[in-house]
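Engineer: Structure incoming, see below.
The values are calculated or read from the model by the stated rules, or taken from the named source; none is laboratory data. Here the structure is a predicted model, which means the values were calculated and not measured. Here the Cβ is made from the backbone with ideal geometry for all residues, glycine too, and neighbour counts use every protein chain on show.
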Amino acid sequence: MRRIIYFILAVNLSGCSIFTPPAAIVTDRIMTPAQWSTVHLHTDIKTTWQGIAAYPQLTEYIQEALAYNPQLTSERYNIDIAVALVKQTAAGQYPQIDAYLGSGRQRNNQNITNSGSVNIDTGWEIDYLGKLNDLAKAATLDAKQAILNYKQQQSNTIALISQQWFDLIFYQQQLKLINKRLQNLQQNLAIIENGYDQGLKQSLDVYLARADLARAQAAKQENLEALKNTQRQLELSLGRYPAASIHANGDLTFAAIPVPSGLPSELIQRRFDIQQVMLALNAENFRVAHAYKNRFPSLSLSLSGGTSSPELSNLLQSNSLVWSLFANASASLFDAGALTAKQAQQTAKTQQAAISVTRVTLQAFSEVETALAAEVTLANRELQQQNAEYYFNIAEQLAFEQYIAGLTDYITVLESQRSAFDAQTSLLAIKTTRIQNRIKLLLALGGDIPTSLTVNTDKDLSRVNE
C-alpha cells in the first residue's frame, strides 16, 4: 500500500507528459463579416419580439402552449434526466459505503446456536489522473445543453404558434373576401337575369354569371377546408383536442414593425443552438481525455469492517470487531487494442462535434441572410400588389358600369372581377408571407424573448451547478 501511495505522489509531482491527455479539438475559424450582406433596417431585437407580445390573444395562446404543448413538455423532462445523470456521474468520485446486517440460527444434533453479524464495506477509486472528474464535467455540460435545447424548443414553439395564428387570420380574412365576392356575384346575377327576362341581355351572360358564382362557391369550400385544417393544427400545438373551433382575433400588420439586425458576430451569443453545439464539443473533449486516461492503471482503496457474535447484544462490542484495509491497482495487460480503439472512436466523435459547430453556425448565418433578403423583396412586392389591387378595383367598377350601359360584353366584366379578387387575395397572401418570414427572421436572429412569453430556466441551471 505504501508503494502505491508513493506512486501517486510521484505522478502528481512529476507532471510527466505521459499522463497529459491529447490537446483539445477546436472548430475551424469562421470568417464573420462586420455587417450583414443584405441591406436592412437597424433596431433593438427586443423591440420586435415585443411586437408579438402586443397581441393579447396570441400571448395567451403562447403561454398555453408553453404549459401544455406535448413536445415541449417532453423536452422539459430531458433537463431532469440530465441533472440526475450529473449527480450520478459525480457520485463516482466519492467513496461507496455498503452495510450488511445478518442474523441466523443453526441446529446441530441437540444444540441450537444463534449468530449475528454486522459488516461495513467501503470502496473508493482514487482519481489521481482526473478521469472521473472529466466524466463529471462532461455530464455537467450535457445538462447545460439540455437547458439550451429546451430554450430553443421554447423559441420554436413560440414561432410555431405565431405562424399558425397568423395563418388562421389569413384564412379568416380570405373567407370574408370570398363571402363579399359571392354577395356581389349574386347581385350581378340577379341584375343579368332581370335584364334577360326583359330581353336586354343574352343567355350567354346568364350562364357565365351562374358559372362564376358556382366557381366562387367551390373556392369557398376549399377555403373552409384549409381554415379547418389550420384550426386543428393550432389546437394540437396548444395541447387541445383538434375540434377546429378556435378563432384568431388579430390583423396582418405585424410585419410593419422595423427589422431587428444586430451584428453577425453577436449571433453566436444569441442563438441557443450554436451555444449548444459549442458545449457539446467541450463535453466530447472531456470524454476524449477520459478515454485516454482510462488506458492507465486504476487505483482504489477498500476498507471492510465487521463483527459477529452468537448474541445480538454483543455485536457492537469492540473485542469482536474485525477490519481490513487494502490498496488495489488494476491495469489491462492485453486487450488487443480495445482501449486505444475506444479513444480513437471518441476522438472521431469529437471531430464530428467540431464540424457540427461550423455547420450550425453557417446555417444560422444563412437563415438570417435569407430572411433579411426576403424582407426587402416581400416589402417591394406588397407595395406593388397594393397598387395592383387599387387599379383592379377601379377597373372592376368601370367594367360593370360599362356593361350595364351596353358599352362592353360580360366577359370583360368577369375578367375584371376575377382580377380584382385575385389581387385582393394576393395582397393578403403577401402580407401573411411577410409575417411568416419575419417570424423566421426573429427565430434565426435568436436573442432574448420577453419574459411574458417564456418559462424561466434559472432554477434548472442552479440545479446543474450544485
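Engineer: May I ask you to list pairs of residues, at least six apart or on different chains, whose Cβ atoms are under 7 Å apart, with the first in segment 280-304 being without any contact (Cβ under 8 Å) to a residue 12 or more places away in the chain and the second being assigned to a loop (DSSP other than H, G, I, E, B)?
Structural biologist: Here the result reads none, with nothing in segment 280-304 linked to a residue that is assigned to a loop (DSSP other than H, G, I, E, B).
Engineer: Within segment 357-390, which residues are closer than 30 Å to R181 by Cβ and free of Cβ contacts under 8 Å to residues at least 12 places away in the same chain?
Structural biologist: The answer is T377, N380, L383, Q384, N387, Y390.
Engineer: Say we look at segment 43-58 and pick out the residues that are of a type in the set (S, T, Y) and crowded, with 18+ Cβ neighbours inside 10 Å; which of these is modelled with the lowest pLDDT? It would help to see each step written out before you state the result.
Structural biologist: Filtering segment 43-58 down to residues of a type in the set (S, T, Y) leaves 43, 47-48, 55.
From what is left, the residues that are crowded, with 18+ Cβ neighbours inside 10 Å are 48, 55.
Details: T48: 59, Y55: 87.
By that ranking, first place goes to T48.
Engineer: So D251 passes all but one of these: (1) over 24 Å from P56 (Cβ atoms); (2) at pLDDT below 90; (3) acidic (D, E). Which condition number does it fail?
Structural biologist: Just one mismatch for D251, condition (1).
Engineer: Continuing with the same structure: Return the only residue of I120, I169, I147, I158 being surrounded by fewer than 18 Cβ atoms within 10 Å (Cβ to Cβ) and in contact (Cβ under 8 Å) with a residue 60 or more places away in the chain.
Structural biologist: That would be I120, the only listed residue that is surrounded by fewer than 18 Cβ atoms within 10 Å (Cβ to Cβ) and in contact (Cβ under 8 Å) with a residue 60 or more places away in the chain.
Engineer: On to the next question. Is at least one residue of segment 418-433 closer than 23 Å to Q174 by Cβ, touching a Gly at 6+ places or on another chain (Cβ under 9 Å), crowded, with 20+ Cβ neighbours inside 10 Å and modelled with pLDDT of 85 or more? Before you say what the answer is, go through the steps one by one.
Structural biologist: From segment 418-433, those closer than 23 Å to Q174 by Cβ are 418-433; that's our starting set.
Applying the additional criterion that residues be touching a Gly at 6+ places or on another chain (Cβ under 9 Å) yields none.
No, that holds for no residue.
Engineer: With respect to the numbered conditions (1) without any contact (Cβ under 8 Å) to a residue 60 or more places away in the chain; (2) touching a Ser or Thr at 6+ places or on another chain (Cβ under 7 Å), which one is the sole condition not fulfilled by L177?
Structural biologist: Single failed check for L177: (1).
Engineer: Suppose we keep only residues that are among the aromatic types (F, W, Y) and assigned to a helix (DSSP H, G or I) within segment 60-105. Which one would you say is surrounded by the most Cβ atoms within 10 Å (Cβ to Cβ)?
Structural biologist: Going through the qualifying residues, I end up with Y61.
Engineer: Continuing with this model, one more query. Can you list residue pairs whose Cβ atoms sit under 7 Å apart, with the first residue in segment 47-67 being farther than 19 Å from I246 by Cα and the second being at pLDDT 80 or above and among the β-branched types (V, I, T)? Count only pairs 6 or more apart in sequence or on different chains.
Structural biologist: Taking only residues 6 or more apart or on different chains, the pairs are A53/T59.
Engineer: Follow-up question, since we're still on this one. Do you know which of the residues in segment 189-224 that are among the charged types (D, E, K, R) and either more than 19 Å from L407 (Cβ to Cβ) or under 51 Å from the mean Cα position of the chain (by Cα) (or both) is surrounded by the most Cβ atoms within 10 Å (Cβ to Cβ)?
Structural biologist: Keep residues of segment 189-224 that are among the charged types (D, E, K, R), which gives 193, 197, 201, 205, 210, 212, 215, 220, 222.
Now restrict to residues that are either more than 19 Å from L407 (Cβ to Cβ) or under 51 Å from the mean Cα position of the chain (by Cα) (or both): 193, 197, 210, 212, 215, 220, 222.
Details: E193: 15, D197: 10, R210: 14, D212: 19, R215: 13, K220: 16, E222: 10.
Going through the qualifying residues, I end up with D212.
Residue by residue, here is whether (1) modelled with pLDDT under 90; (2) surrounded by 14 or more Cβ atoms within 10 Å (Cβ to Cβ); (3) under 27 Å from M278 (Cβ atoms); (4) of a type in the set (D, E, K, R) holds:
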site: S318; (1), (2), (3), (4): yes, no, no, no
site: V322; (1), (2), (3), (4): yes, no, no, no
site: L325; (1), (2), (3), (4): yes, no, no, no
site: S332; (1), (2), (3), (4): yes, no, no, no
site: G337; (1), (2), (3), (4): yes, no, no, no
site: F365; (1), (2), (3), (4): yes, yes, yes, no
site: A379; (1), (2), (3), (4): yes, yes, no, no
site: L383; (1), (2), (3), (4): no, no, no, no
